[in-house]
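Have a look at the structure below before the remarks.
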Amino acid sequence: MSALVQLSTIVIDCADPAALAAFYQKATRWEITYNDHDFASLGAGTAVQIAFVHIDGYQAPGWPNPAKHMHLDFTVADLDAAADELLALGASKPEDQPGEGKWIVLTDPEGHPFCLTTAA
């Protein structure tokens, strides 16, 4: 038996947990499960939750900074339509776009990179 049974939450450092949770709530339509000045989470009923924790003096990882530690991937039906919707919600699209059209890199309002990809 493994000591780690199931991944439950991915926690992301940030400056404003409530604002970042609101962005991802709009993007995923997941329910916000907790929200205060220092911590917010969303994903009730999902296999894995996303949470955000306030860090004083937080500095975004930037893209394509090789010192970044992780990013999220989301599967979408239509890359361009999903990117357009997320850009309208406050995401940004960096110039550097590796993957030759197989995925799109975006950054959330605090600069965390995340990718959109299709299931195919």
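Bear in mind these aren't lab numbers, they're just calculated from the coordinates by the rules spelled out. Being a predicted model, the structure only gives us computed values, none of them experimental. Using ideal geometry, Cβ is built from the backbone for each residue, glycine included, and neighbour counts are taken over all protein chains shown.
Annotations for the structure displayed:
- Distance in nm between pseudo-label sites at residue 87 and residue 53 (7 Å out along the Cβ direction from Cα): 3.4 nm
- Full extension of the chain between residue 19 and residue 33 gives 3.6 nm of extra length, using 0.36 nm per residue less the Cα-Cα distance.
- Kirkwood hydrodynamic radius of segment 1-103, from inverse mean 1/r over distinct Cα pairs, in Å: 15.4 Å
- Length added when fully stretched, residue 100-residue 10, from 0.36 nm per residue minus Cα-Cα: 29.6 nm
- Qualifying lysines (Cα of each under 17 Å from Cα of residue 93; at least 8 residues distant if same chain): 68, 102
- By DSSP, the beta bridges lying fully in segment 9-55 are antiparallel in about 55 percent of cases.
- In whole percents, the pair-distance distribution calculated for segment 71-120 from its alpha-carbon pairs, binned every 5 Å from zero, is 5, 23, 35, 28, 8, 1.
- Rg over Rh for segment 9-55 works out to 0.92, using Cα positions for both radii and the Kirkwood form for Rh.
- Antiparallel bridge percentage (DSSP; both residues within the chain; nearest 5): 55 percent
- Per residue of the chain, the DSSP helices (runs of n ≥ 4 H) give a summed -39500 (n - 2.57) that works out to -6000 deg cm²/dmol at 222 nm.
- Rounded to the nearest whole Hz, the Karplus-based 3J(HN,Hα) values (6.51 cos²θ - 1.76 cosθ + 1.60, θ = phi - 60°) of segment 86-91 follow the sequence 5, 4, 5, 7, x, 6, with x at glycine and proline.
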